[in-house]
Amino acid sequence: MVPAGHLLLLLVLASLGVAAAAGADEGFCSAEPSNDGSQWPPLYSKVTSPTLAPVHLQDLPGFTRSVLKKDHAVITPESHVFSPLPNWTNTLGAYLISPALGAHFTMYLANMQDGSKSALPPKDVERLIFVVQGSTALSVESRTTQSLLVDSYAYLPANMKHSVISDKPTTLVIFERRYTSIGDYQPDLVVGSTDKQPLLETPGEVFELRKLLPTSLPYDFNIHIMDFQPGEYLNVKEVHYNQHGLLLLEGQGIYRLGNSWYPVQAGDTIWMAPFVPQWYAALGKTKSRYLLYKDVNRNPLI
């Protein structure tokens, strides 16, 4: 006969085993069917409908993977706080990165609905919009309205009048920063989609790289799309003066920031201050893709 104390312990372990098994079935970044059944899972579904935590942690009061340190931050979906975006119509936003962290740019999510309309950024502030769910209609000054679908983007130079309108649930990730002028250079409007951008050479690395903006001097930042197959990782353990804002669009992995190591999954946001050591390895059974802000083409003394 098993002693009562041992029996209780076995029952506890068995219950934990069931919870762990459930979490294993879900996976660190489990897939969910699309709403209309047209794609399984829909592109970037983990950004808008992420698995917040393993099953046995979802109901743990106060649980979060979010971390804030002096030279980096990891902001995970369970920490998002949405509120009405100033001057936008019928739109809720969550600021994920801002100067309050020490960043010189902002990165935020905008959740639009039927009848939503954007507002202009402040004077001399440039903006890049990337669609992760739904679709929007972009109107620029007197030009023809263009439709932006999932994986499409638009760069709006500072002080360019424009509006984004949505008639369906749509999620945008938006980057804004005060433009740093240099000489007489002036950037142009850019509208495109990730799949139309060429793969670029990455000497010494194995990841696939696309850049969404021209690399020429008028542009003081760029947005990189980086793809890693499971098991691939950065070769260089990077330390540089550029800042980063990152949104993991697909997959899961381990990110090293300074002397800390973080498990991350689609939907997570990372801010990296200048000179923080950084490194990424992709894990799991599907590719990782992340969207990465990087300031470029300017002397650090400016």
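Things worth noting here:
- Cross-link table Lys46/Lys211; Lys168/Lys196; Lys46/Lys161; Lys168/Lys285; Lys70/Lys196; Lys46/Lys123, entries beyond 28 Å C-alpha to C-alpha: Lys46/Lys161; Lys168/Lys285; Lys70/Lys196; Lys46/Lys123
- When only the Cβ of Lys, Arg, Asp and Glu is charged (+1, +1, -1, -1), the dipole of the range 117-268 relative to its Cα centre reaches about 460 debye.
- Summarising the label geometry, the points placed 7 Å from Cα in the beta-carbon direction at Asp188 and Leu149 lie 2.4 nm from one another.
- Electrostatic dipole magnitude of the range 50-169 [Cβ: Lys, Arg +1; Asp, Glu -1; Cα centre; debye, to 20]: 220
- Sparse packing (at most 14 other Cβ atoms within 10 Å of the Cβ) combined with a DSSP loop state is found for the following trypsin sites (Lys or Arg not before Pro) in the range 144-219: Lys161.
- J(HN,Hα) series, the range 115-126, from Karplus relation 6.51 cos²θ - 1.76 cosθ + 1.60, nearest Hz, glycine and proline x: x, 7, 8, 7, 10, 6, x, x, 4, 6, 9, 8
- On full extension, the segment bounded by Leu120 and Asn297 gains 61.2 nm, given 0.36 nm per residue less the C-alpha separation.
- Along the axis of the charge dipole computed for the range 144-302 (Cβ charges of +1 for Lys and Arg, -1 for Asp and Glu, origin at the Cα centre), the listed residues Met160, Thr269, Ser193 are led at the positive end by Thr269.
- For the Cα trace of the range 142-265, dividing Rg by the Kirkwood Rh returns an Rg/Rh value of 0.98.
- Relative contact order (%) - criterion: Cα under 8 Å, at least six apart; region: the range 183-280: 22
- Put a dot 7 Å past the Cα of Gln197, heading toward its Cβ, do the same for Tyr241, and the two dots end up 2.4 nm apart.
Laboratory data are not the source of any read-out in this text; all were calculated from the coordinates shown. These numbers were taken from a predicted model, which means no experiment stands behind them. Cβ coordinates were reconstructed from backbone atoms using ideal geometry, including for glycine residues, and neighbour counts include every protein chain displayed.
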